[in-house]
Amino acid sequence: MGTFLNILLAVIAGLLIVVGGIWVLRLLSQTPPEPPPAGELRKVKLMYRCDICGTEMRMTVSPTEDPPPPLHCQDEMSLMAPIE
């Protein structure tokens with residue numbers, strides 16, 4: 001009885017792996033969404049720091065994917081490298 005149970009569990013585990021692999025491949029094969037029309041805000045994740053006073057700012061939305069740096073202390077803020 002133990003051998004039959006081991007074979008059954010191995011078959012079920014194999015089927016789960018195959019189904020999971022097919023699911024992941026379907027997700028990866030989808031085309032990315034079209035970019036939003038001009039004028040709409042886009043999601044960005046940028047961190048800026050003021051070189052003069054040390055103030056940090058996080059930008060989360062922008063009309064363009066590469067926005068100009070904001071001004072602080074009458075000077076442009078520096079783009080910080082992402083931690084990731």
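The set of residues from segment 1-52 being in a loop (DSSP other than H, G, I, E, B), more than 27 Å from the chain's Cα centre (by Cα) and surrounded by 10 or more Cβ atoms within 10 Å (Cβ to Cβ) comprises Asp51, Ile52. When each of Met57, Met77 is tested for being without any contact (Cβ under 8 Å) to a residue 24 or more places away in the chain, touching a Phe, Trp or Tyr at 6+ places or on another chain (Cβ under 7 Å) and hydrophobic (A, V, I, L, M, F, W, C), the lone residue that passes is Met57. With the structure loaded, tell me whether Pro69 is surrounded by 10 or more Cβ atoms within 10 Å (Cβ to Cβ), part of a loop (DSSP other than H, G, I, E, B) and either under 16 Å from the mean Cα position of the chain (by Cα) or at pLDDT below 90 (or both) or whether it fails that test. So Pro69 fits the description; yes. Each residue in segment 23-53 was checked for being among the aliphatic types (A, V, I, L, M) and under 26 Å from Asp75 (Cβ atoms), and 5 of them qualify.
The values are calculated or read from the model by the stated rules, or taken from the named source; none is laboratory data. Every value quoted in this text rests on a predicted model; they were computed, and no experiment measured them. As a convention, Cβ positions derive from the backbone with ideal geometry for all residues, glycine included, and neighbour counts pool all protein chains shown.
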